[in-house]
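Report on the structure given below.
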Ligand code: CP3
């Protein structure tokens with residue numbers, strides 16, 4: 001019997017089941033059996049089983065070990081029954097893979113040995129080839145076998161956010177060196193972002209070709225910019241990344257923090273799904289993004305430290321604001337905070353599923 005003539009509409013093969021998953025349906029703005037849920041940073045320090053397997057292994061090293069990546073990526077799926085897995089890695093992994101001298105310092109974040117501030121410094125950024133990240137291809141192959149009908153989300157850092165680490169040399173509150181370069185030497189800035197767009201595109205292609213069902217472009221710190229600067233100095237590079245992977249037909253998610261004023265432009269850059277932090281209600285976000293794109297969000301991650309009743313009430317507020325959306329993927333407005341009680345996340349997944357079951 002052909003796929004078009006299924007008696008009950010039930011998926012018949014594993015790849016059908018994957019395609020018909022609530023997460024991918026919501027990304028495509030199709031009707032869903034329940035609102036799908038996953039969490040940014042769901043694989044990480046909030047889980048005791050994560051801390052146990054990571055013991056004594058530096059962050060970047062753990063990202064290069066397919067067995068460990070597979071285990072850590074699966075942990076939150078097993079524990080919380082989320083609707084999608086997110087590949088365990090970090091936004092600086094492709095930069096490390098092409099030889100940029102950087103490390104992830106615990107409690108600090110990515111630190112770059114020789115910041116990029118001059119044209120000569122651009123030589124640090126060569127092209128990324130699939131061989132540079134063979135461990136990613138291997139890990140995704142293992143993962144898709146284990147995950148079955150649960151989609152795997154691949155990801156990368158967006159050119160602006162990667163540039164902010166490379167130019168500052170580490171995490172930054174005000175992004176002053178980054179902005180100094182952007183405003184002071186627009187040509188060098190454009191060339192830097194274009195380089196990063198090439199690297200990011202190549203890295204996302206590796207993940208999709210290995211079996212990722214969706215990709216998220218994290219522009220975590222782009223909320224530091226005004227819309228006109230975003231449009232002029234960032235959007236061309238982000239658009240280049242989205243266009244590079246458009247042909248695969250996998251949903252492309254675009255997320256940043258403090259991006260209320262940029263939501264429309266971030267959709268225009270080429271996303272199928274726009275991620276929303278907790279500062280803008282989902283119905284207002286939908287107005288800003290406009291039709292034709294699904295939305296992802298947006299419970300404040302700090303809410304999970306409140307009582308179960310308060311978490312449920314705040315979750316219901318998010319669901320009510322999102323009720324009229326064409327496609328909604330429930331998520332936090334930013335990543336899971338390290339001290340979050342994992343049981344609060346498990347309860348949250350169950351609550352969203354129960355409340356939205358159709
Ligand atoms: O979401 C997931 O579960 C997948 C894992 C993931 C990590 N980093 C693992 C990680 C993802 C999606 C990222 C993306 C990432 N990395 C972003 C974009 C997302 C966001 O939060 O805005 C950014 C800005 C980074 C850079 C980075 N790496 C930061 C700010 C930190 C935290 C530093 C700290 O220790 O407080 C990291 C380290 C990092 N990346 C950890 C994890 C699990 C912690 C390292 C550890 O467990 O020792």
Within the bounds of segment 76-96, is there any residue that is more than 20 Å from residue 42 (Cα to Cα), touching a residue at least 60 places away in the same chain (Cβ under 8 Å) and touching a helix residue (DSSP H, G or I) at 6+ places or on another chain (Cβ under 8 Å)?
-> yes
Give 104, 98, 91 a once-over and let me know the one that is more than 15 Å from the chain's Cα centre (by Cα) and within 8 Å of the ligand (Cβ to nearest atom).
-> 104
Selection count, segment 76-92, where residues are surrounded by 24 or more Cβ atoms within 10 Å (Cβ to Cβ) and part of a helix (DSSP H, G or I) | 1
Subset of segment 334-344 (residues that are under 18 Å from residue 277 (Cβ atoms) and in a helix (DSSP H, G or I)) | none
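The rows are residues; the columns are (1) modelled with pLDDT of 95 or more; (2) more than 18 Å from the chain's Cα centre (by Cα); (3) more than 16 Å from the ligand (Cβ to nearest atom).
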residue	(1), (2), (3)
259	yes, no, no
271	yes, no, no
280	yes, yes, yes
283	yes, yes, yes
288	yes, yes, yes
296	yes, no, no
324	no, yes, yes
342	yes, yes, no
351	yes, yes, yes
Restricting attention to helices (runs of 4 or more DSSP H) lying wholly within segment 147-211, give those where 3 or more residues are more than 16 Å from the ligand (Cβ to nearest atom).
-> 176-184, 186-210
Tally of residues being without any contact (Cβ under 8 Å) to a residue 40 or more places away in the chain and either outside any loop (DSSP other than H, G, I, E, B) or near the ligand (Cβ under 9 Å from one of its atoms) (or both) across segment 42-56 | 6
Matching residues, segment 236-264, being in a helix (DSSP H, G or I), surrounded by fewer than 23 Cβ atoms within 10 Å (Cβ to Cβ) and touching a helix residue (DSSP H, G or I) at 6+ places or on another chain (Cβ under 6 Å) = 240, 244, 248, 261, 264
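The values are calculated or read from the model by the stated rules, or taken from the named source; none is laboratory data. Since this is a predicted model, take the numbers as computed values, not measurements. Glycine gets a Cβ as well: all are built from the backbone with ideal geometry, and neighbour counts include every protein chain shown.
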